[in-house]
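The values are calculated or read from the model by the stated rules, or taken from the named source; none is laboratory data. Just so we're clear, the structure is a prediction, and the values are computed from it rather than from any experiment. Here the Cβ is made from the backbone with ideal geometry for all residues, glycine too, and neighbour counts use every protein chain on show.
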Amino acid sequence: MIVNRGKAPTAQETFMQMAQASGLRGRLLITLGLLILVRLGIYLPIPGIDRAVFAQSVEDNAVIRFLDIFSGGGISALGIFALGILPYINASIIMQLLTAALPSLERLQKDEGEAGRRKISQITRYVSVAWAILQSLGIAVFVSSIPGAALHPGPFFIAEIVIALTAGSMVVMWISELITERGVGNGASLLIFLSIVAYLPGSVGQTIAFAESGGNVGGIVILVTVFLAMIVGIVFVQEGTRRIPIVSARRQVGRKLYREQTSYLPLRLNQGGVMPIIFASAVLILPSTLAQFTRNELIAQIGAYISPAGPTPWVYVIVYLLLILFFSYFYSSLVVNPVDMSQNLKKMGASIPGIRPGKATSDYLERVLNRLTFLGAIFLGLVAIIPTAVESATRVTTFQGLGATSLLILVGVAIDTSKQIQTYVISQRYEGMVKQ
């Protein structure tokens, strides 16, 4: 097979490596097998629950429907793997926030290298266990409150559900780490990707049934066109970077003199990825969730007021956009620290042309980051609002739930996984050249 050494692998070369290279083929088979195992675990029933009664009672529940997108219908199905990877994702977000807030965790991550990162990973697993227990306890209490859902309600029933769901969540977490280590792509991201993709056939089937029953076919075409256009826009924005030129100083090592080297510092347009939308969505559904448990009328009214189906949709739009803007800046400050970047450039003997090292560099980087974050937040706001607006205008609600968060996750995970496969193909290419 003739390949071009200087270019990225073509689709033909990639598929040939996937079929012929035993290493890549084995990784792909391991990944597919483990993903299928997780999907089967969702449908293994937890004993003591009438699943038909439970599914009927939560059919119109907005909170359950939102969580179902990230669990592939696991919450409404109430299988052993119902919680899926959600506790681990929540624990990872909590640890990111704590690492930025606690100096001891920050030192552990930055100063202790691989050993420190392993410690943080272990702490994240412990937090995942605690979070899984809390979530499963909430589900157990919620199931017990539904008449007829629990066959034998009581403390033993609650304990049985908590143990089953927590154990299932830990198995899923182990499988995600196994995919990351021995498969292709990031295990946790792929499991969320799988859950969203599993939600698609039902939406497509409902859309076809809606069209066959005399529904708005033009509205369906418009909605699908908008979704496809947004996917293209997400690809461009996810890959969009601002390249800041940096110049490495001339240095002498022994008798050899190294000239000035010019490179660039890439700053992504969307630093926070999908996290700002997830945080904003969680805050918006929080009043409705609390109202279900507390039965408080004031909290229920607040939840209805900021709901897209509420009496004032414009309030929902404004609050949603403001929350996305706030969390975009908040998450960007956690991911990128201009002061640290300025210090690292100074240690490496590099500088930005026309900008003095030190505080001037950090101020410049902070201004650039603020502008990029603002543009990224506006894009995220449009991605979050446009699908809901188009669904309301066309009155086609069969894709309800597959909005901004789902699209960003699908596109982001697909891009990252394809890049990892291409990296493996390139490594195989050069290994073959070395053997020759």
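Tabulated results
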quantity	calculated
Of the criteria (1) modelled with pLDDT of 75 or more; (2) closer than 19 Å to Tyr331 by Cβ, which one Val274 fails	(1)
Number of the condition not met by Gly185 [criteria: (1) under 17 Å from Gly84 (Cβ atoms); (2) in a helix (DSSP H, G or I)]	(2)
Sole residue being more than 16 Å from the chain's Cα centre (by Cα) and either hydrophobic (A, V, I, L, M, F, W, C) or assigned by TED's automatic domain parsing to the domain that holds Val396 (or both), chosen from Val162, Val197	Val162
So Leu267, is it surrounded by 14 or more Cβ atoms within 10 Å (Cβ to Cβ), modelled with pLDDT of 80 or more, among the aliphatic types (A, V, I, L, M) and in contact with a Lys or Arg (Cβ under 7 Å, 6 or more places away or on another chain)	yes
Tally, over segment 198-223, of residues that are within 23 Å of Val411 (Cβ to Cβ), among the hydrophobic types (A, V, I, L, M, F, W, C) and loosely packed, with under 15 Cβ neighbours inside 10 Å	3
Output for segment 77-95, where each listed residue is outside any helix (DSSP H, G or I) and either among the small types (Gly, Ala, Ser) or without any contact (Cβ under 8 Å) to a residue 40 or more places away in the chain (or both)	Gly79, Ala82, Gly84
Residue within segment 125-136 that is touching a residue at least 12 places away in the same chain (Cβ under 8 Å), under 17 Å from Ser176 (Cβ atoms) and among the small types (Gly, Ala, Ser) present	yes
Residue check, Ile208 assigned to a helix (DSSP H, G or I), more than 30 Å from Thr361 (Cα to Cα), over 21 Å from the mean Cα position of the chain (by Cα) and not assigned by TED's automatic domain parsing to the domain that holds Thr394	yes
All positions within segment 213-243 that are charged (D, E, K, R) and within 16 Å of Leu380 (Cβ to Cβ)	Glu239
